[in-house]
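The values are calculated or read from the model by the stated rules, or taken from the named source; none is laboratory data. Note that the structure is predicted; figures quoted are calculated from it, not measured. Using ideal geometry, Cβ is built from the backbone for each residue, glycine included, and neighbour counts are taken over all protein chains shown.
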Amino acid sequence: MIAENLEIIHGNIAAAAAKAGRRADEVELLAVSKTFPPEAVAEAYAAGQRAFAENRVQELLSKAPLVPSGVVWHIIGHLQSNKIRKALQHCRILHSVDSVELARDIERIADEAGVYVDAYLQVNVAEDGRKHGFTTASVPALMDELLSLKRVSVVGLMTIPALDPVPENSRRHFAALRQLRDRLQAQTGTPLPGLSMGMSGDYHIAVEEGATIVRVGSAIFGGRAART
Ligand SMILES: *Cc1c(COP(=O)(O)O)cnc(C)c1O
C-alpha cells in the first residue's frame, strides 16, 4: 500500500514538473511520518524512500532508533530552543526555523555539538495569525545576520498555508514564497535554492510553482487520527 502510494506520488510530481517545464528530479519527496509507527517508516524505506520528517522532537527521539539507519530525518514543526540539542542528535535539516532567536540558538548548540545544519526559513506568506514564521516584510532585514551564521546554512524558504479544501487556492501562497526567495537572492547575492512547500492535498500545485521539496504525509501513509 505504502509502496503503491509512493509510486503514485512520484508520478504526480513528474506530471506537475513536466507541466511547469521542470525536471522531476528537481523535486524531493519528504515523507511525513508523524503519528505513524516505525514499521510504516521501514515499509516506505523498503520501497526506496529515504527522507522522512517529524514535527515533534519527542516523537523523532522515540522513532529514530527503531528505523533503518539509512533514514535521513528532517524536522518540520516549530522547534523550542530547549529541544534543539536533542533534535540535532538525529537530524541536520530543519524546515521550521521561524525566528532569528531560534536560528541563534541553533548556531550556538550546533557549534557545541560540532555539527552543521541546513535550515529553511519558515515564512508565513499567507499572514495566518495561527502560524509561526517570519513575515514577508520582516525577513529581508534579517538576512545579513541569518547568512552570517557559521553552523547554520540557510538553504531556502518554507511555508505552510492554512489548510484549504481547494488546492488551487494555495497557488498564490506558493508563488509568493518563490517570489520572496527570488528577491532575497537578488538582495543578498546568495543562492537560496530550496523551496519547501506543498502537502498531501496540494503538492502538485506547489511543484508547478517551484517547490524543490514537498512534505507529504497522509497521501503516503493514510489518514491520521486526530492528536489528543
Ligand atoms: C503534517 C505536516 C505535513 C504533511 O501533511 P499531510 O497533509 O499529511 O501531507 C506537512 N508539513 C507540515 C509542517 C506538517 O506538520
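For the criterion of being under 19 Å from the mean Cα position of the chain (by Cα) and either at pLDDT 95 or above or away from the ligand (no atom under 16 Å from the Cβ) (or both), Leu29 passes.
Reported count of residues in the stretch 200-228, each being farther than 20 Å from Asp118 by Cβ, within 14 Å of the ligand (Cβ to nearest atom) and either at pLDDT below 95 or assigned to a loop (DSSP other than H, G, I, E, B) (or both), is 10.
Given Gly133, Gly77, Gly114, which one is on the phi > 0 side of the Ramachandran plot and in contact with an Asp or Glu (Cβ under 8 Å, 6 or more places away or on another chain)? Even if it seems obvious, please write down each step before you answer.
Values: Gly77 fails: on the phi > 0 side of the Ramachandran plot; Gly114 fails: in contact with an Asp or Glu (Cβ under 8 Å, 6 or more places away or on another chain).
The unique qualifying residue is Gly133.
What's the number of the only condition in (1) under 19 Å from Ser99 (Cβ atoms); (2) in contact with a strand residue (DSSP E or B) (Cβ under 7 Å, 6 or more places away or on another chain); (3) not β-branched (Val, Ile, Thr) that Tyr203 fails to meet? It is condition (1) that Tyr203 fails. Return a yes/no flag: does the stretch 78-96 have any residue that is in a loop (DSSP other than H, G, I, E, B) and either farther than 29 Å from Gln179 by Cα or within 15 Å of the ligand (Cβ to nearest atom) (or both). Yes, some residue in the stretch 78-96 is in a loop (DSSP other than H, G, I, E, B) and either farther than 29 Å from Gln179 by Cα or within 15 Å of the ligand (Cβ to nearest atom) (or both).
Search the stretch 121-137 for residues being away from the ligand (no atom under 16 Å from the Cβ) and surrounded by fewer than 16 Cβ atoms within 10 Å (Cβ to Cβ), and hand back the single one that is farthest from Pro161 (Cα to Cα).
It comes out as Ala137.
The set of residues from the stretch 105-120 being surrounded by 14 or more Cβ atoms within 10 Å (Cβ to Cβ) and touching a Ser or Thr at 6+ places or on another chain (Cβ under 9 Å) comprises Asp105, Ile106, Ile109, Val117, Asp118, Ala119, Tyr120. One residue is enough: does the stretch 168-184 have a residue meeting the conditions farther than 18 Å from Val123 by Cα, of a type in the set (A, V, I, L, M), at pLDDT 95 or above and away from the ligand (no atom under 13 Å from the Cβ)? No: the stretch 168-184 contains no residue that is farther than 18 Å from Val123 by Cα, of a type in the set (A, V, I, L, M), at pLDDT 95 or above and away from the ligand (no atom under 13 Å from the Cβ).
A count restricted to the stretch 39-77 and to residues that are more than 14 Å from the ligand (Cβ to nearest atom), of a type in the set (D, E, K, R) and surrounded by 14 or more Cβ atoms within 10 Å (Cβ to Cβ) stands at 3.
A quick yes/no check of all residues on (1) within 21 Å of Asn55 (Cβ to Cβ); (2) at pLDDT 95 or above:
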position: Gln89; (1), (2): yes, yes
position: Arg92; (1), (2): yes, yes
position: Tyr116; (1), (2): no, yes
position: Leu121; (1), (2): yes, yes
position: Arg151; (1), (2): no, yes
position: Gly156; (1), (2): yes, yes
position: Pro161; (1), (2): yes, no
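Give me the helices (runs of 4 or more DSSP H) completely within the stretch 1-69, filtered to those with at least 2 residues that are under 19 Å from Ser218 (Cβ atoms) and among the hydrophobic types (A, V, I, L, M, F, W, C), ordered by residue number.
2-19, 38-46
Contact map, the stretch 183-209: residues that are farther than 29 Å from Ser148 by Cα paired with residues that are in a loop (DSSP other than H, G, I, E, B) and more than 16 Å from the ligand (Cβ to nearest atom), Cβ distance under 8 Å, separation 6+ or inter-chain. Pairs shown: Val207/Ala20; Val207/Arg22; Glu208/Ala20.
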